[in-house]
Amino acid sequence: MCPLIEELMSSQCDFGEDEPELGVCDFSRIRKLKYSGSSVPSLSFKTIPKESEITIMLNSRLLQTSWFLKLREFLLKLSPSKISLYLSMSISSNNVQGVVCLGTKPPVVVEKLTLLLINVPCSLHHALSDGLFGCCRPSFMNIYFLPSWCVKRVANNGFTELICKTLIEESGGRRNLSAMHDLEEVNVDFFAIEECLLLPCKTLLDASTYSGSIMVKVCLQLKWAATA
């Protein structure tokens with residue numbers, strides 16, 4: 001029997017396309033698991049305790065149905081543990097699929113989703129939203145408005161604005177995106193990270209693009225309809 005392990009960390013060191021394998025001798029003996037890499041790993045263990053805390057950090061260059069399907073299956077194998085998912089997206093032109101369709105399987109509940117866009121064109125924002133909410137149902141979501149001096153701020157901030165507005169509309173009964181059809185309630189807070197100030201929601205959502213000089217963290221608390 002493996003000894004009790006308080007925390008286990010696993011990393012993929014490069015951006016290769018090979019699928020790493022994430023496996024341990026006895027997952028029931030591990031309280032916390034952290035994985036970071038560019039590819040969704042495969043799992044070689046079957047039983048995961050509900051009380052386990054799992055942190056997944058992925059740097060993705062893909063915007064394709066197959067990638068989101070793999071991510072959803074991976075998250076499903078990790079449930080019902082407490083999952084925190086961190087995604088950094090930098091999409092190259094060779095790895096783009098304009099429409100993401102994940103079928104009818106239900107999304108997987110995750111505790112927290114944190115998202116940062118490094119290079120995702122505005123034309124792909126709706127496809128990215130469909131992929132994210134087609135594979136997971138976050139209870140909490142963190143996204144960012146990047147400051148005016150950041151080169152990549154336009155695409156990232158456009159997506160942040162789209163998500164904020166869409167979630168608020170969906171929770172208010174305007175069903176614009178089928179991937180969010182079961183959203184019941186959303187609470188939004190904006191925090192100026194450098195100055196630790198709470199900023200007014202209306203000020204940011206009314207602006208077509210945030211042009212401030214400080215980075216702003218958008219904290220969303222989401223309530224989804226219960227599924228059978």
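The values are calculated or read from the model by the stated rules, or taken from the named source; none is laboratory data. Bear in mind the structure is a predicted one, so any value in this text is a computation, not a measurement. All Cβ positions, even for glycine, are placed from backbone atoms using ideal geometry, and neighbour counts span all protein chains on display. Remember, those area values only see protein heavy atoms, side chains included, never the ligands or the DNA or RNA. Shrake-Rupley method; radii C 1.70, N 1.55, O 1.52, S 1.80 Å.
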>> Tell me the residue from Ser171, Ser92 that is at pLDDT below 75, surrounded by 15 or more Cβ atoms within 10 Å (Cβ to Cβ) and farther than 23 Å from Leu75 by Cα, please.
In response: Ser171
>> Cβ contacts < 9 Å: first residue farther than 30 Å from Gly103 by Cβ and in a loop (DSSP other than H, G, I, E, B), restricted to segment 174-194; second residue modelled with pLDDT under 60 and open to solvent by 100 Å² or more (accessible area, probe 1.4 Å), any location; separation 6+ or different chain. Result?
In response: none
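Conditions tested, residue by residue: (1) loosely packed, with under 15 Cβ neighbours inside 10 Å; (2) touching a Cys at 6+ places or on another chain (Cβ under 8 Å); (3) hydroxyl-bearing (Ser, Thr, Tyr).
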site: Lys50; (1), (2), (3): yes, no, no
site: Glu53; (1), (2), (3): no, no, no
site: Ile56; (1), (2), (3): no, no, no
site: Leu62; (1), (2), (3): no, no, no
site: Ser66; (1), (2), (3): yes, no, yes
site: Leu71; (1), (2), (3): no, yes, no
site: Phe74; (1), (2), (3): no, no, no
site: Ser84; (1), (2), (3): no, no, yes
site: Leu87; (1), (2), (3): no, no, no
> Looking only at segment 103-126, which residues are out of contact with any His (no Cβ under 9 Å at 6 or more places or on another chain) and in a strand (DSSP E or B)?
Replying inline: Val108, Val109, Val110, Glu111, Lys112, Leu113, Thr114, Leu115, Leu116, Ile118, Asn119
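Conditions (1) under 30 Å from Thr104 (Cβ atoms); (2) in contact with a His (Cβ under 7 Å, 6 or more places away or on another chain); (3) at pLDDT below 75, marked per residue:
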{"site": "Asn142", "(1), (2), (3)": "yes, no, no"}
{"site": "Leu162", "(1), (2), (3)": "yes, yes, no"}
{"site": "Thr166", "(1), (2), (3)": "yes, no, no"}
{"site": "Ala192", "(1), (2), (3)": "no, no, yes"}
{"site": "Ala207", "(1), (2), (3)": "no, no, yes"}
{"site": "Gln221", "(1), (2), (3)": "yes, no, no"}
>> Filter segment 103-147 down to the residues that are hydrophobic (A, V, I, L, M, F, W, C) and open to solvent by 20 Å² or more (accessible area, probe 1.4 Å) and list them by number.
In response: Val109, Leu116, Ile118, Cys122, Phe140
